[in-house]
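For reference, the structure is listed below as structure tokens.
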Amino acid sequence: MAKPQKRYVCQACGSVASKWQGQCVDCAEWNTLLEEASNVTVFSQRHNLQGGGRSIQLVGLDADIPLPPRTPTGIVEFDRALGGGLVPGSATLIGGDPGIGKSTLLLQAAARIARAGHSVAYISGEEAADQVRLRAQRLGLGDAPVRLAAATSVRDILTTFSGKEAPDFLVIDSIQTMHSDLIEGAPGTVSQVRASAQELIRFAKERGTAVMLVGHVTKDGTIAGPRVLEHMVDTVLAFEGERSHQYRILRAIKNRFGGTDEIGVFAMGEDGLDEIANPSALFLTARGDAVAGTTVFPAMEGTRPVLVEIQALTVRLASGATPRRAVVGWDSGRLAMILAVLEARCGLSFSTAEVYLNIAGGYRLSDPAADLAVAAALVSALAERPVPTLAVAFGEVALSGELRPVAHGGLRLKEAAKLGFDSALVPASLADKGSGIRLHGFAQLGNLVDHLLGRG
Ligand code: TYD
Ligand code: MG
């Protein structure tokens with residue numbers, strides 16, 4: 001038998017090198033290369049793959065394909081992110097920071113599905129069975145017919161279900177704790193995670209089980225090590241939020257069976273995760289008197305508008321010091337751009353002011369329509385003039401200072417009207433479609449600045 005060659009696998013991106021290096025040549029991460037045995041590769045090299053297989057059936061593109069059947073979990077926000085429910089025989093990866101609530105969410109989903117009459121197994125590799133049971137009882141789920149085990153050996157798990165009816169829904173919490181004895185290496189290494197996932201995904205396809213893999217996320221937001229996992233599974237969900245805040249967003253990043261523009265919103269409370277049917281109400285709680293530097297932005301999350309509060313603070317500095325720019329929940333490059341446009345096109349100077357920008361509630365904004373609302377917050381902060389409390393603001397800002405309309409204007413206005421807002425600061429070209437909101441349209445950012453400063 002050939003001597004297994006040494007190989008070094010980057011634990012961040014999965015790329016393979018033949019010798020150890022301090023920095024991965026592919027993803028440029030430092031100290032991520034770990035030695036791993038390559039016996040799987042050696043094994044497959046010894047086999048010729050021609051002949052001996054089954055002929056596969058080839059079909060035309062126009063063949064009728066039934067929509068995948070779905071099992072709703074009964075948790076509306078969860079089903080929404082999944083695109084309508086669990087697909088039998090599918091593999092889903094749910095990623096998120098440790099402590100964000102993945103185990104809680106899946107335990108609640110498992111209990112719901114089990115109560116609806118489906119067979120459900122929950123395998124915990126991180127917590128003892130008693131710990132999970134205790135949590136279930138505390139959440140009032142103790143009576144749900146979920147079958148629970150603490151295990152980390154993929155072979156043991158698959159052996160348990162072989163020859164028996166496979167569960168409809170199988171939760172593996174987490175994939176980083178799983179161990180496949182087909183391959184060497186400690187749990188959590190790229191090759192272990194990949195091999196374990198491969199076996200579990202094969203099980204899902206063969207037995208028609210919907211398998212949900214929990215994956216922890218690294219600091220840079222990718223699912224630890226196994227970025228490769230994202231390619232292997234059918235659906236990737238990200239569970240996001242700030243640990244210090246109660247709300248959580250479940251977002252589909254990849255979905256072979258549905259769209260990726262829907263989110264589910266939850267709040268972590270005493271009794272686990274509550275569904276939030278009306279997210280805007282959550283982010284806008286406790287709005288008091290008008291405060292300078294604050295605007296409300298109707299963001300779009302998929303097809304769903306969510307109103308969020310944008311807060312800006314500027315602090316004048318004694319000359320000489322380099323002013324800070326700090327952003328939470330938005331892109332710092334985009335903030336620099338808005339500041340530059342305000343300086344160059346509107347004659348406002350932020351060069352001697354520290355600028356802090358925060359999206360309230362720990363929310364993360366990626367919608368470019370936030371430009372106008374951010375600009376309004378910055379101007380309001382700098383001038384210490386509040387934007388009216390019942391106004392929302394949205395639109396894209398071009399480098400020329402021109403304000404551009406954005407998608408879903410009508411939906412944004414409607415959501416704002418629903419929550420009691422009465423006016424909107426928007427690009428001039430936006431037409432109202434009967435939301436009842438009074439529109440203040442501006443062609444240029446300079447016009448908006450004049451309006452906010454009471455100059456016109
Ligand atoms: P958990 O589901 O264990 O997170 P993950 O599996 O993503 O690591 O959630 C742990 C956190 O959630 C923990 O800090 C406590 C909090 N929590 C609540 O606030 N309320 C609850 O009812 C539960 C079960 C957890
Ligand atoms: Mg957990």
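The values are calculated or read from the model by the stated rules, or taken from the named source; none is laboratory data. The shown structure was predicted, so the numbers you read here are calculated from the model rather than taken from an experiment. FYI the Cβ positions are ideal-geometry reconstructions off the backbone, even for glycines, and counts take in every protein chain you see. Accessible surface is based on the protein model in full, side chains and every heavy atom, while ligands, DNA and RNA are left aside. Shrake-Rupley method; radii C 1.70, N 1.55, O 1.52, S 1.80 Å.
When the charge dipole of the chain is built from unit charges on Cβ atoms (+1 for Lys and Arg, -1 for Asp and Glu) and taken about the Cα centre, the candidate among 411, 93, 8 whose Cα reaches farthest toward its positive end is 8.
Extending 7 Å from Cα along the Cβ direction at residue 29 and again at residue 270 yields two label points whose distance is 4.1 nm. Put simply, the amide H of residue 327, placed in the peptide plane, has neighbours under 5 Å in 357, leaving out anything fewer than 5 places away on its chain.
Once the C-beta distance of residue 366 and residue 5 is scaled by a Förster radius of 41 Å, the resulting FRET efficiency is 0.40 to the nearest 0.05.
Can you compute the FRET efficiency between residue 165 and residue 433 using 1/(1 + (r/R0)^6), with r the Cβ-Cβ distance and R0 = 60 Å? Round to the nearest 0.05. All intermediate terms of the calculation are to be shown ahead of the outcome.
Working: r = 53 Å, r/R0 = 0.89.
Here the calculated transfer efficiency is 0.65.
For residue 300, the amide hydrogen comes within under 5 Å of the amide hydrogens of 306, counting only partners 5 or more places away or on other chains and with H modelled in the peptide plane. Secondary structure note: in the range 75-232, about 5% of the DSSP beta bridges are antiparallel.
Remark: C-alpha extents of the range 346-410 on the principal axes read 36, 32, 22 Å, sorted largest to smallest. So for the range 298-367: antiparallel DSSP bridges make up what percent, rounded to the nearest 5? If I count the DSSP bridges inside the range 298-367, around 75 percent turn out antiparallel. Counting Lys and Arg as +1 and Asp and Glu as -1 over every other residue whose Cβ lies under 11 Å from the Cβ of residue 208, the net charge comes to -1.
Can you tell me what share of the DSSP beta bridges in the chain is antiparallel? A percent to the nearest 5 is fine.
Values: 43 of 82 bridges.
Antiparallel bridges: around 50 percent, rounded to the nearest 5.
Between residue 325 and residue 400, the distance separating the two model label sites (each 7 Å from Cα on the Cα→Cβ line) works out to 2.3 nm. Normalising the Debye intensity of the range 76-277 to I(0), with uniform scatterers on Cα atoms only, and taking log10 at q = 0.08, 0.11, 0.14 Å⁻¹ returns -0.23, -0.45, -0.76. With both labels modelled 7 Å from their Cα along Cα-to-Cβ, the residue 59 to residue 352 distance reads 7.2 nm.
Stick to the Cα atoms of the chain, pair each with every other, and give me the Kirkwood hydrodynamic radius in Å at one decimal.
Computed over Cα pairs of the chain, the Kirkwood hydrodynamic radius comes out at 24.9 Å.
What's the center-to-center distance, using Cα atoms, between the range 54-119 and the range 151-219 in Å? Using only Cα atoms, the two centres lie 16 Å from each other. Between the range 311-342 and the range 387-456, the alpha-carbon centres lie 23 Å apart.
Of the solvent-accessible surface of the chain, computed with a 1.4 Å probe and all protein chains present, 52% belongs to carbon and sulfur.
For n ≥ 4 DSSP H runs only, could you compute -39500 (n - 2.57) per run for the chain, divide by its residues and tell me the 222 nm figure to the nearest 500?
Working: 12 runs with 120 residues, N = 456.
My calculation for the chain gives -7500 deg cm²/dmol from helical runs alone.
One compactness figure for the range 282-452 is 0.96, namely its Cα radius of gyration divided by 2.2 N^0.38 Å.
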